[in-house]
1. Kindly establish whether residue 136 is open to solvent by 10 Å² or more (accessible area, probe 1.4 Å) and in a helix (DSSP H, G or I).
2. For region 25-43, how many residues are under 15 Å from residue 69 (Cβ atoms), hydroxyl-bearing (Ser, Thr, Tyr) and crowded, with 23+ Cβ neighbours inside 10 Å?
3. May I ask you to list the residues in region 142-156 that are of a type outside the set (A, V, I, L, M), modelled with pLDDT of 85 or more and outside any loop (DSSP other than H, G, I, E, B)?
4. For region 100-131: of the residues being over 10 Å from the mean Cα position of the chain (by Cα) and of a type in the set (D, E, K, R), which is least open to solvent (accessible area, probe 1.4 Å)?
5. Any chance you could count how many residues in region 87-96 are out of contact with any Phe, Trp or Tyr (no Cβ under 7 Å at 6 or more places or on another chain) and open to solvent by 50 Å² or more (accessible area, probe 1.4 Å)?
6. Enumerate the pairs (first residue in region 77-104 and over 13 Å from residue 59 (Cα atoms); second residue anywhere and hydroxyl-bearing (Ser, Thr, Tyr)) with beta-carbon separation below 6 Å, excluding pairs fewer than 6 apart on the same chain, so at least 6 apart or on different chains.
7. I'd like to know if region 71-88 contains one or more residues that are on the phi > 0 side of the Ramachandran plot and modelled with pLDDT of 95 or more.
Amino acid sequence: MASLEVRRSPPRSRRQLEVRSPRRDKYSVLLPTYNERENLPLIVWLLVKSFSESGINYEIIIIDDGSPDGTRDVAEQLEKIYGSDRILLKPREKKLGLGTAYIHGMKHATGNYVIIMDADLSHHPKFIPEFIRKQKEGNFDIVSGTRYKGNGGVYGWDLKRKIISDGVLLSCPGWSLLGSSDPPILASWDYSRGANFLTQILLRPGASDLTGSFRLYRKEVLEKLMEKCVSKGYVFQMEMIVRARQLNYTIGEVPISFVDRVYGESKLGGNEIVSFLKGLLTLFATT
């Protein structure tokens with residue numbers, strides 16, 4: 001009697017089981033852009049690579065705010081290369097603010113989870129599978145990338161940007177160095193953690209990285225938060241976490257490495273700094 005040979009497929013790794021199992025889930029990535037012609041092809045390629053290797057269902061929504069450098073033309077080419085089912089270009093005629101860009105993108109999102117991130121290569125897509133695993137493990141409403149826990153960190157920033165990112169510590173020694181493009185002892189100072197500590201005291205956000213812009217949301221949670229938020233610029237990120245705390249949404253965190261942009265110029269200028277200060281004071285007074 002001939003023996004029967006039973007062939008079994010090789011066991012899948014824990015990583016594959018954790019990430020590949022939620023087939024019914026779809027993740028919509030919102031990518032606001034302004035003058036990101038050089039960065040956009042790279043970040044899209046990295047996103048497609050990460051999602052494809054992890055077996056994650058996804059779409060990437062590019063919201064370009066009338067970039068004069070040809071970002072929209074590049075986005076149109078990417079849409080043709082990867083297909084309109086994966087890359088959706090939803091441009092606006094002019095720069096209207098980061099918060100409203102997310103609101104605009106949400107109108108076109110078909111996923112039940114939404115990921116927001118920067119298009120300038122500051123946020124590496126390799127962390128997205130970790131975000132998804134974290135969300136599944138704790139059933140969190142929000143998962144936020146943090147630069148201030150575990151092995152998270154910030155690389156390549158000058159003093160001004162560290163301070164605007166993490167809160168403003170007006171009383172800290174060395175404030176006058178803000179006018180210097182390359183403070184001589186910047187490497188030995190940790191202003192970002194000190195400023196972030198002050199922000200934690202004022203706003204009690206329930207998250208270690210209040211101004212981070214690399215997050216995963218349940219879609220219905222993000223929609224609710226957008227209804228509550230009134231900020232339009234960079235303060236939008238900060239207000240989202242504060243409002244999430246008010247509404248008792250759960251927040252998980254994943255340590256990330258934030259690297260300053262490779263191409264192009266930072267969008268943080270004097271107007272953004274003033275807006276950030278006003279927003280911080282407004283949130284402190286109203287929450």
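The values are calculated or read from the model by the stated rules, or taken from the named source; none is laboratory data. Everything numeric in this text was worked out from a predicted model, so none of it was measured. Quick reminder, even Gly has a Cβ in these numbers, built from the backbone with ideal geometry, and neighbours come from all protein chains shown. The area values use the complete protein model at the heavy-atom level, side chains included, leaving out ligands, DNA and RNA. Shrake-Rupley method; radii C 1.70, N 1.55, O 1.52, S 1.80 Å.
1. Values: open to solvent by 10 Å² or more (accessible area, probe 1.4 Å): yes; in a helix (DSSP H, G or I): yes.
Yes; evaluated as a whole, the condition is true for this residue.
2. Of the residues in that region, 1 qualify.
3. Passing the criteria: 144, 145, 146.
4. Per the stated criteria, the residue is 120.
5. Step one: filter region 87-96 for residues out of contact with any Phe, Trp or Tyr (no Cβ under 7 Å at 6 or more places or on another chain), giving 87-94, 96.
Add one more test, that the residue is open to solvent by 50 Å² or more (accessible area, probe 1.4 Å), and what stays is 90, 93-94, 96.
Adding up the residues that qualify gives 4.
6. 95/34; 99/231
7. yes
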